[in-house]
Amino acid sequence: MFEAFKKSRGILGMNARNLDYIRPYNRKKGKRISDDKILCKRVLKKNGLPTSRLIAKISTIEQLEHFDWSTLPSSFALKPNRGFGGEGIVVVYGKKKNRENTWVKANGSPVTLSDIQAHIRNILDGSFSLSNTPDIAFFEERLTLLKLFKPYAYKGIPDIRVIVFNSIPVMAMLRLPTKESGGKANLQQGAIGLGIDLASGTTTTAVLGKGKIVEYAPGTRLALSGIKIPYWKDILTMAVKAQQVSGLGFLGADIAIDRELGPAFLELNARPGLSIQLANLDGLKNRLERVKGLRVKSVLRGVRMGMDLFGGEIQEELEEISGKKVIGTVAKARLIGIDGKSIEVNAKIDTGADSTAIDLGIARELGFDKTVDEYLRASKEWSELSELSKKDRWKMFEHIPHVISTVPVKSSHGVTYRIIVRIQIELDGITIPAKVTLINRSHLEYPVIVGKRNLRKFLIDVNK
Amino acid sequence: MSVHPLIDFFILQGVPLDTIVLLLMLPIVATLVAFFRQIIGIKAFGIYTPSIVTFAFLAFDPKGIKYGIAIFLSIIITGMLSRILLKHFRLLYLPRVAITLTIVALTTLTMLVIGGSFNRTGLASVSIFPLLIMITLVEKFIATQIEKGDKTATILALETLGISLIGYAIVRYHVLIELIIAHPWVVLITLPINVWLGKWTGLRVMEYLRFRKIFDQN
């Protein structure tokens, strides 16, 4: 009991959210922007951040009566300006054929002009606004569904909620509309929330509605984990920028991905919900406290910090299962040479190469000074060496200190005849003994390439 | 029963004892509602509705609490039915509430009449103000229905009923009544309690249950 109580302290509750985060960090100015969708759109647009286009707004009954309905495109979203929780939104997908002024909703049911007018009257009356104050209705361009999400989303458009605090993205989830939620990406109404690994933008665990943990999309065998969200870094970058321009210190940014536009803001939220913790099966308070007071010099730096601090779960899991380490195509490697002389370099991880090669300069720093000198003296063009027998060639090089063998290596530049020495390579905490060839790589971007032979203990993630 | 001189003085000025006790109880009921929200996580319809329903229940006394509950439930059910009924008409908010209030008022009147004909005089003799208070509750209910849906509205209504009943039990508790009459200043203790509640940032009991999965799996 006490143990569970202690663990629960990492979870952000409503009291702490309101008192410790919203009150001190979301001041009036920011809330004004987040609670007024039209103003929010304007602020985002002014700062070069994408949102869906505003088509028209209706602020009074007179405007409603004089509105020219023919100016509306065949598909649009009608929203209350101060709505919350996704209430009061009507999305139409097209005009109904053969009938004037009738549109079709996501579920195929028709919407007549009088339906829309009645809905707008309700919006103007404040039926959907916070504390029922009179509101403004507006039309905006409908975002189109990305192909990738098609099998997962019922009718509506999935969106991505990113919580940003102190210019660092701390937690994110992908929300999928379901039949139960009526095509709305709102967890309170029964949508699915998928936790996201911040480093890779890949979905992890999922929650349905207010608290049911699920693995598959409803009614299917489609796994909800492992969906790779496109434009991931852009999305995080946008969210951090939005925090800076809105002045909301504790922000829940809602971003959808449009087929043409790419990621675009739906809205900014000054009171982000707490369910995101269930989707990620992790506490938000822990994460918020970790980034509190960190100095973040730039937007990209903040994004990087978020990815580093709150990502990598998938990788850890993979490493646990396979017993191998996951590394990227470029990795920090420590080379250890003679008498423990070592050097840290950026190594290119190259599954196209058999063996590992290091630059002559690096070899010198590892204590192979003499070896390199003698090799350069003895070395000849391959065209000359290829005439000789293997034994004769070895005789030319065997006197060089530390050389254990020689090998002709074919590369895109032709064939070079190289000597091999023994060193140790430390990659991601694992030390492997390696026989490496020496070659002049000073003109290349990476002084070291690690080949297949030394990569048996690793999995390579090209996204990293 | 010992009576604090201050209370004596109030009575001497012509303020009825009942009124004094009820007014002094109000801070306690309000604190109870705040406690349920901040610590337990039971929301109800704000602070006004559960407090006022508590006192409405009190007015059904001494033997009428069951009628109070019956009327409360009938109001919620009628409110729900009229929403289904009025859905097709697509009415604006206030006219819709007005119609619902009409239906609820007539239903309540019918209940009183039926109660009377079965010699349930406890029901018919209830004074009008607690009834009116309960009937106007329906607006809160409809507003919540529109904003958050039927399910949430029903849950909040039942939570309101629960808190009001607990409040009712506390306000009726004779030890507490005697304590307040003897030491009216104890009411002021609610102030520091509320300051504490207002600064409490821990998890609510309901949140603790809701998020249990997160720390269970870790």
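Values for this structure:
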| quantity | calculated |
| --- | --- |
| Alpha-carbon spread of segment A:249-355, three principal axes, descending order, Å | 59, 38, 32 |
| Surface share of carbon and sulfur [accessible, 1.4 angstrom probe, percent] for segment A:265-383 | 44 |
| Number of partner chain Cβ atoms within 10 Å, mean per residue of A:8-21 | 5 |
| Equivalent ellipsoid semi-axes - Cα gyration tensor, segment A:225-297, angstrom | 21, 17, 13 |
| Above-threshold pairs, the threshold being 29 Å between Cα atoms, out of A:K212/B:K87; A:K391/A:K435; A:K46/A:K212 | A:K212/B:K87; A:K46/A:K212 |
| Listing of segment A:275-303 residues, each with accessible area lower by at least 40 Å² in the full protein assembly than in the chain alone (probe 1.4 Å) | A:L278, A:L281 |
| Cα-based Rg / Dmax (Å) for segment B:5-217 | 19.7, 65 |
| Solvent-accessible area per residue, Å², over segment A:94-138 with all protein chains present [probe radius 1.4 Å] | 49 |
| For segment A:320-464, accessible area per residue (1.4 Å probe, heavy atoms of protein chains only), Å² | 57 |
| Trypsin sites (Lys or Arg not before Pro) restricted to segment B:17-63 and DSSP loop, no more than 12 other C-beta within 10 Å | B:K63 |
| Accessible carbon and sulfur surface of chain B relative to its total accessible area, %, 1.4 Å | 72 |
| Estimated 222 nm signal from helices in chain B, with DSSP H stretches of n ≥ 4 weighted -39500 (n - 2.57), rounded to 500 | -25000 deg cm²/dmol |
| Accessible area, probe 1.4 Å, largest first, for residues A:E320, A:E140, A:E344 | A:E320, A:E344, A:E140 |
| Contact surface A-B: accessible area buried, both sides summed, square angstrom, 1.4 angstrom probe | 2500 |
| Those residues of segment B:173-218 for which accessible area with every protein chain present is at least 50 Å² below the isolated value (1.4 Å probe) | B:T201, B:L203, B:Y208, B:R210, B:F211, B:K213, B:I214, B:F215 |
| Solvent accessible area, Å² - A:K105, 1.4 Å probe, full protein context | 80 |
| Spatial extent of segment A:1-83: Rg and Dmax, with the Cα atoms as the point set, Å | 20.3, 65 |
| Heavy-atom SASA rank of B:H183, A:H443 (probe 1.4 Å, accessible area, largest first) | A:H443, B:H183 |
| Evaluated over segment A:53-142, the Cα radius of gyration and Dmax, each in Å | 12.4, 41 |
| Note, ³J(HN,Hα) from phi for segment A:416-430, Karplus 6.51, -1.76, 1.60, rounded to Hz, x at Gly and Pro | 10, 9, 10, 9, 10, 10, 9, 9, 10, 10, 10, 10, 6, x, 9 |
| Accessible carbon and sulfur surface of segment A:69-179 relative to its total accessible area, %, 1.4 Å | 50 |
| Charge context of A:V299, other residues only, Cβ under 12 angstrom, K/R +1, D/E -1 | +4 |
| Reachable aspartates and glutamates from A:K179, criterion Cα separation under 18 angstrom, eight or more residues apart if same chain | A:E87, A:D159, A:E215, B:D150 |
| Residues in segment B:77-126 occluded by at least 40 Å² - accessible area, probe radius 1.4 Å, against chain by itself | B:R90, B:L92, B:Y93 |
| Sparse-neighbourhood loop sites, trypsin sites (Lys or Arg not before Pro) in segment A:229-315 - DSSP loop, at most 14 other Cβ within 10 angstrom | A:R259, A:K292, A:R295, A:K297 |
| Percent of beta bridges antiparallel (DSSP, segment A:324-460, rounded to nearest 5) | 75 |
| Translational diffusion of segment A:324-460, µm² s⁻¹ [Kirkwood Rh, Cα pairs; Stokes-Einstein; 20 °C; 1.002 mPa s] | 140 |
| Sparse-neighbourhood loop sites, chymotrypsin sites (Phe, Trp or Tyr not before Pro) in segment B:103-183 - DSSP loop, at most 14 other Cβ within 10 angstrom | B:F118, B:Y173 |
| For segment B:102-218, accessible area per residue (1.4 Å probe, heavy atoms of protein chains only), Å² | 54 |
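The values are calculated or read from the model by the stated rules, or taken from the named source; none is laboratory data. The model shown is predicted, which means the values in this text are computed figures rather than measured ones. Backbone-built Cβ (ideal geometry, glycine too); neighbour counts: all protein chains shown. Note: areas computed on protein heavy atoms with side chains; ligands, DNA, RNA excluded. Shrake-Rupley method; radii C 1.70, N 1.55, O 1.52, S 1.80 Å.
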